Each structure stands twice: as C-alpha cells, then as structure tokens.
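One structure is given below, encoded as structure tokens.
The values are calculated or read from the model by the stated rules, or taken from the named source; none is laboratory data. Not measured: the values here are computed from a predicted model. Note that we place each Cβ from the backbone using ideal geometry, even for glycine, and neighbour counts take in every protein chain shown.
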Amino acid sequence: MNRSTYLSFEQVGMSFRRGARVTEVLRDVDLKIGEGEFVSIIGHSGCGKSTLLNIVGGLLKSTTGEVFLEGRVVDEPGPDRAIVFQNHSLLPWLTVYGNVRIAVDKVFRRTKSAAARHDWVMHKLELVQMAQHRDKRPHEISGGMKQRVGIARALAMQPKVLLMDEPFGALDALTRAHLQDSVMDIHARLGNTVMMITHDVDEAVLLSDRIVMMTNGPSATIGEVLTVGLPRPRRRLELATDVEYTRCRAAVIEFLYARHKMPARAA
Amino acid sequence: MPSAVKAVKPPVDSDAPPAPAAVLALPLKRPPLAERLALIISEAARRAVPPVVMLAVLIALWELLCSQAGSRLPPPSKVLADTWDFIVDPFYDNGGIDKGAFWHIANSLGRVAIGFALAAVAGIALGVLVGQSTWAMRGLDPIFQVLRTIPPLAWLPLSLAGFRDAQPSAIFVIFITSIWPVIINTSVGVRNIPQDYRNVAAVIRLSWYEFFWKITLPATVPYIFTGLRIGVGLSWLAIVAAEMLIGGVGIGFFIWDAWNSSRISDIIVALVYIGLVGFLLDRLIAALGHVISHGTSAS
C-alpha cells in the first residue's frame, strides 16, 4: 500500500451534549486513506461508525480534530463526498431517472450541457443495471433496485470519496451478494476512493483493501487496521477456501467477538 | 461466550454467486374481450348494487312515514311532483332571484371558488412559514388554534362591517373558514420532511430556493391536499349558511326563500343538490391531489 494520503482524519473526536450530560462518542480517530483505496469501517452497533461517516460527509461537525480531503478541511456537505444512505433516501415523487438527474443537474449545471447531463445520468444507470427501469418511481421497485439507484446517484456526482453507510444492511442475503459484486465491479472500473460502514465481516473482507476496526463506545476509537492482501479481481467462490481470506476473516472476528465483544447491555 | 456468537454466524462465503438464470418469455395470455367485459360489468354491479338497494329502502321508508294524513313533511313522491319543473329545467331565468337550480349553485360555487382559492394560496404560504420557522410556529400557532374554532357565521357581521357589501363578506367568510386546515396541515407536512431528504439536499447543495421547490413542496403535497380537502368541505358548509343571511342568488338563500314561501319540496331538492355538489368538490380535490402527488396522496 504505497499511496499518498488523500483523505485523512486527524485527532477527530465527537461529543453530543444533551442538557448537562455530555456523551463522548468518538475520540482520537486518526486515519489516512489513499486515493482509490476501498476502506471499510467495522464495529458493533453504537460504536460511532456512522457518526464518523457523517463527519466526513459534512452532515456533522466534529467536536475536536479535523478531516482533510486533498489537504482541505471538510466542514460542510458536498457532492465531492457523495453518500449512499442505508435506507437509499430516494425522493418518492421523482422517477429513477429523476432521482439521479436532480443531483447531476445541480453538480454539473455549469460544466455540462443538458444533453451531456442526460447521457451522464443514463450511463450511471447502466452502470448499476437500472437503465431499463428509468421511468419507474421508487415505490415500484425492490429494495435492492432502490439501493442501486442510490449508488448511481452518488456515483453520478463524480465524488472524490464515495461514502457508503451500511449500504446493504437492509437487503436480503442474495440481493446483498449481487450488489456487493456490482460494487466490486464498479470500483474496479472507476477506481473510486470508497469508505464503507458495515457490520458484516464477510462483506468487509470481500470488498476492502483495508478494514478499520472500531472499539466499543462510548469514546470509541480505532482499535486495529487490517490490510486485506487479496489480489483483485476477487471472486466470491474462489475466496471461500483462500488462506488469506480465512486469515482476515478470523482476525476481524477475533477482534469483534473476543477482544471487543459487544457490551452485555447493548446485546 | 465468544464461541457461541461465532457459531450463530455461519460463513456467507460458501454462497455461490447467483448464476444468471435463463429467462424464458412466457406469452402473456389475455382473456377474450367478452370475458373481460363480463368481469368489468360484474365488478361494477358488485359496487353499484348495495348503494342503490340502500337508497331504495330509505326512500321507501320515507314514503311510508310521510304518506300518512297529517304528516308535516312531504313524501318523496310529492316532492318529485312539486319540483318536477324545477328539476328538469335548471337553466331558466325569470330575473331577480327566480332562477333555475344551475344558476343558484353556480353562484354559490363562484363565491367558494374565489374564497377557497385565496385561502389555499395564503394557507399554503403561511403553513410553509409556520412549518419552517420555529419562532413563527411558537408565535402564530396558539393564535391559529384559537381563531380556527370560531364558527364561520360568527365572522359574518364583522366582515359586513368591514366590507359594507354582501359579496366580499361572503367570500371572506369562506376564506377565513377554509384557511385553518390548510395552514395546519401544510405546516405539519413541512415539519415532517424526513431528515433523509434534507441530507440528500445538503450533499448536492441545493440552495434555499431550490430546496423549497424541489423538496419542500413535493414532500408536503400529500399534507397540503389533506388540508385542502377539509377546507373545501368546510367552505361548502359555510357558504350555504352565509348565503341565508346575505341573500341574493345562491343555493343557501334559495333554501331560505323556499322556507319563507313554504315550498318544502324545493328545500329537499336543494339539500340533495348541496350534498351532491359537496361530494363532487371533495372528490375533485382528492383526485387533483392524487394526480399531483403521483399517487402518494390517498384519494
């Protein structure tokens, strides 16, 4: 892993104040992510991993420390850090096409003609295999298809970093596997920098270059970072018996369930 | 017990990737035309028969009760006989207020249209304001909650004093009656815009103006139309009462005039018309909401 720092977290901490009580969710998070790298953040519920993603996304402001993207401080939301939300967050009154188009129209208003924006939207929809459903509304398509559109919308912003907040958490196992393959394929083709929140060990090992393991909250921080030394392209079937895959999987499970097992109260 | 936790989480990696299955296109079998037609007719009959039967039963009961000697209200047969000319010729115009049913209803609807349109525009604008600004909500909501309980007719003397003319006073009564549900429902809709939509808007950096047109309004449409439906019903209730007091051409004063001339049958026919028009107004707003919200608003 010899890449220059692209996205970096420096001493990021986050506290929420409710009345007189202050809850520290994150403390001293230091992480550097290289361009084109696929990094997963894994941890038990309540470890602040979504908070971390929202800080990068600019939806939350960290209490201490800063996040830098290409050397510039992140302090507000923006299309350079597109988010794939867990619950897809499609606008129900717009079609599949319209949901992607609204983002493209805003982001490329000055830099692309209307015809070019249309082609751009269609290209992203084709990338996630949703072009033939362009005129359907969100309530007419399945959960997996909605998430495909959510991915297309995020990719259409041509983000520097693609942020995915448990993108497949609400999907059934087969659909999830399908979408994971799609994401691997897209990552291989476009070379995006991706930061993904997950609580699925297999998903993290399959997709990531590095896996960031979070300790339990409150005051959660990075416990360990595991480099997944698996060559790409990765094939789900071949990995089942791969030694490196099994080692990574065991390492993450060991971290999550032996050394940082979920506190009893939250289980 | 880490080992137990491990045990309940079987490895997913043994899952084979879903192989692309061959898709066989089955020819869609459409039933023959006659069969589909029969299906539609039987479905329509299933829906139409119960209300028709109930209506017949109720009319028969009414006929029975009012046919006895000394009955104060006319039976349906007498109503029909008395008002037949009025029913079959709704367009006659003998000058003054001696006009056909169409003109009375059209006049009332005209007043409702103006008053309700003003209430819709002002109500949506105020509702958005109250929904978006906590300060405006705290300041205005208690005032609205008190004002909305004032009965429509209680406003009439005040508006007559202000406008010194019957027509704008009636329109004002419609306006003030129907605006409250529009304001309240719109503001609830604005306050209930899901955080998800706000996050999406933040990521693509919609301006305040774009957020209003592309998120706030479409997300609030189902709520707005709920308010509009209640509002149009209330304004139809209010216009009949207001017209009884202000006089002139209109279905409300028609009823009052009929009572003063002891034309009880005319009153009954007018009531039926008012009910039907009110029902149609409600369906109209509901259908409009259904179309505008792309089916997300219940009709």
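Quick notes
- Residue count for segment B:87-107 satisfying the condition of being in a loop (DSSP other than H, G, I, E, B) and closer than 19 Å to residue B:240 by Cβ: 3.
- Of all residue pairs spaced 6 or more apart or on separate chains, those with beta-carbon atoms under 8 Å, a first member in segment A:20-35 that is of a type in the set (Lys, Arg) and a second member that is in a loop (DSSP other than H, G, I, E, B) are A:27/A:219; A:27/A:221.
- Residue selected from segment A:194-212 under the condition more than 14 Å from residue A:34 (Cα to Cα) and of a type in the set (Asp, Glu), by the criterion nearest to the other protein chains (Cβ to nearest Cβ): A:202
- Residues being closer than 20 Å to residue A:174 by Cβ and not in a strand (DSSP E or B) - total across segment A:198-244: 16
- Count of residues meeting criterion [more than 8 Å from every other protein chain (Cβ to nearest Cβ), under 18 Å from the mean Cα position of the chain (by Cα) and surrounded by 21 or more Cβ atoms within 10 Å (Cβ to Cβ)] in segment A:81-99: 3
- Single match in A:36, A:13, A:71, A:78 (criterion: closer than 18 Å to residue A:155 by Cβ, touching a Ser or Thr at 6+ places or on another chain (Cβ under 9 Å) and either surrounded by fewer than 20 Cβ atoms within 10 Å (Cβ to Cβ) or not acidic (Asp, Glu) (or both)): A:36
- Residues of segment A:92-116 that are part of a loop (DSSP other than H, G, I, E, B) and in contact with a helix residue (DSSP H, G or I) (Cβ under 8 Å, 6 or more places away or on another chain): A:92, A:93, A:94, A:108, A:112.
- For segment A:55-64, the count of residues that are within 14 Å of chain B (Cβ to nearest Cβ), surrounded by fewer than 16 Cβ atoms within 10 Å (Cβ to Cβ), under 16 Å from residue B:205 (Cβ atoms) and over 14 Å from the mean Cα position of the chain (by Cα) is zero.
- Subset of segment A:213-250 (residues that are among the aliphatic types (A, V, I, L, M) and either within 14 Å of chain B (Cβ to nearest Cβ) or within 30 Å of residue A:22 (Cβ to Cβ) (or both)): A:213, A:214, A:220, A:222, A:225, A:228, A:230, A:237, A:239, A:240, A:243, A:250
- Only one entry in B:181, B:168, B:142 is surrounded by fewer than 21 Cβ atoms within 10 Å (Cβ to Cβ), in contact with a helix residue (DSSP H, G or I) (Cβ under 9 Å, 6 or more places away or on another chain) and assigned to a helix (DSSP H, G or I), namely B:168.
- Single match in A:45, A:40, A:113 (criterion: without any contact (Cβ under 8 Å) to a residue 12 or more places away in the chain, among the polar types (S, T, N, Q) and more than 11 Å from every other protein chain (Cβ to nearest Cβ)): A:113
- If the condition is being assigned to a strand (DSSP E or B) and within 14 Å of another protein chain (Cβ to nearest Cβ), then segment A:183-193 contributes no residue at all.
- Listed by position, the helices (runs of 4 or more DSSP H) contained in segment B:188-279 that have at least 3 residues being more than 14 Å from chain A (Cβ to nearest Cβ) and modelled with pLDDT under 90 are B:217-246.
- Looking at segment A:2-88, the strands (runs of 3 or more DSSP E) lying wholly inside it that each contain 3 or more residues that are in contact with a helix residue (DSSP H, G or I) (Cβ under 8 Å, 6 or more places away or on another chain) and among the hydrophobic types (A, V, I, L, M, F, W, C) sit at A:5-18, A:21-34, A:38-42.
- Residue check, residue B:176 under 17 Å from the mean Cα position of the chain (by Cα), within 14 Å of chain A (Cβ to nearest Cβ), buried (at least 21 other Cβ atoms within 10 Å of the Cβ) and assigned to a helix (DSSP H, G or I): no
- Which listed residue is within 22 Å of residue A:10 (Cβ to Cβ), among the polar types (S, T, N, Q), touching a residue at least 24 places away in the same chain (Cβ under 8 Å) and in contact with a Phe, Trp or Tyr (Cβ under 7 Å, 6 or more places away or on another chain), from A:221, A:215, A:193: A:193
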